[in-house]
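For reference, the structure discussed in these notes is given below.
The values are calculated or read from the model by the stated rules, or taken from the named source; none is laboratory data. Predicted model, so just to flag it, every value in this text is computed and none were measured. Heads up, the Cβs are rebuilt from the backbone with ideal geometry, glycines too, and the neighbour counts pull from every protein chain shown. For accessibility, only protein heavy atoms count, side chains too; no ligands or nucleic acids. Shrake-Rupley method; radii C 1.70, N 1.55, O 1.52, S 1.80 Å.
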Amino acid sequence: MKKSLIIALAALMLCACGGANQNSSTNNQTASEYTPQQPTENIAAAPQKDYTFEVKRQWETDPDITSVTIKGDTVTICDSTVYHQYLINRSKSYEYITRLEYHWLFTISRINQSSPEYVELNLREFMSDVHNTTVHKKSGKVCSITKVAQSTFSVLCGEFVPRNYLDKHPVSKPIPEINFNIQYYFVYANDTAKMPPLLKNAKKLTIKDRKAIISDGSTETVVDIIPLSDYEENDLNYIRYHWFFVTKASNGVPQLRFDISSNVEEQVPNTSERLVEIGIDEVDCDDTNFHYKVKEFADWNNLRRGILSSYPDEEQHKSFLQQIEEKLEWEDNFEGDAPF
């Protein structure tokens, strides 16, 4: 076997502002890969404020949608000057995080059978509160609407729904203590001179509560994990599972993005054979990152699925495991990687 590498009825008022077409970065991850932490507070009724924004299609072959309004449990879409209304299925709608963006995924159904059969509305916005950088500085908002295929629209002006609009949304929570004995073994960088010496000399990384502690054996540096910067991800390409988070710049250490990855537990149940690796990027230094091997790792009870703000739920993870089996079966029988 080859080794595999791994989104009340509303009266619509169009906003009258103009605006530049500024898009968020392309995101290849699908909404179905993420499930946010279910909030523990009681679920309130859907807010009744109108959230209206103008959009512009990116391709002439996409529907000529010009605006979207969200109010309570309804969505109104202006498609070719005709307003169509849709109900939001709140039990199947949620918010989640990917690397640079915050997402609102609305599962919708048409109220009138003559309306286009749109089934999903995905809003996404660059998380400037987390990624306060020059390299990734963005201010764009993007709206995607799914019928048979997904169409993407640039948001020109207007007001997005706020975070926590949906019942299911990411919640920052304490992270259990996890200790990594690490050894630097590779750097991919444009300018390694900008990287703090602490990273190259790091021998131990500890994650505890909402902090990351980096030690070179004699000095410890503590940096805070930014709220809602943390999420988990299935990686079919490399058949790995990832835990991501970003830390605040402090104590002479720049803003850092951590990527902890391991073999998928169900694929490598024996912890003595399961590998853990860590990548650390300096967020404001594009394409510069350090890679570490993890030695003598024992905290598997704490390094588990579901400890961060957003993560694949049971159903999504089972689907991921099935995809792994299909991928490995394909690679056993055909040359090259599986075509998915």
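What FRET efficiency, computed as 1/(1 + (r/R0)^6) with R0 = 41 Å and r the Cβ-Cβ distance, is obtained for Q323 and T81, rounded to the nearest 0.05? Working shown, then result.
Values: r = 42 Å, r/R0 = 1.02.
Working from the Cβ atoms, E equals 0.50.
Taking the highest mean first, how do the peptides 265-276, 203-214 order by number of other beta carbon atoms within 10 angstrom per residue? Write out the running numbers ahead of the final one.
Working: 265-276: 12.6, 203-214: 17.7.
With the highest mean Cβ count within 10 Å placed first, the list reads 203-214, 265-276.
Between A298 and I213, how many nm apart are label points set 7 Å from Cα along the C-beta direction?
1.6
So what J values fall out for the stretch 315-326 if you push phi through Karplus, 6.51 cos²θ - 1.76 cosθ + 1.60 with θ = phi - 60°, rounded to Hz, Gly and Pro as x?
The phi angles translate into 5, 5, 5, 5, 4, 4, 4, 5, 5, 4, 4, 5 Hz.
Could you list, in their original order, any pairs among K56/K147; K49/K92; K168/K293; K71/K92; K49/K141 whose Cα atoms are separated by more than 24 Å? Could you put the intermediate results ahead of the total?
Values: K56/K147 17 Å; K49/K92 21 Å; K168/K293 35 Å; K71/K92 17 Å; K49/K141 20 Å.
Cα-Cα > 24 Å for K168/K293; rest within.
Starting from the 7 Å offset along Cα-to-Cβ, what nm value, one decimal, do you get for the label separation of S114 and N237?
Placing both labels 7 Å along Cα→Cβ, they lie 4.6 nm apart.
Once you place label points 7 Å from the Cα toward the Cβ at L198 and E331, how far apart are they in nm?
Result for the modelled spin labels: 3.7 nm.
Which percent of the accessible heavy-atom area of the stretch 258-314 goes to carbon and sulfur, probe 1.4 angstrom? Each step should come with its number before you reach the end.
Values: 980 of 2650 Å².
Taking all protein chains in place, the stretch 258-314 shows 37 percent carbon and sulfur surface.
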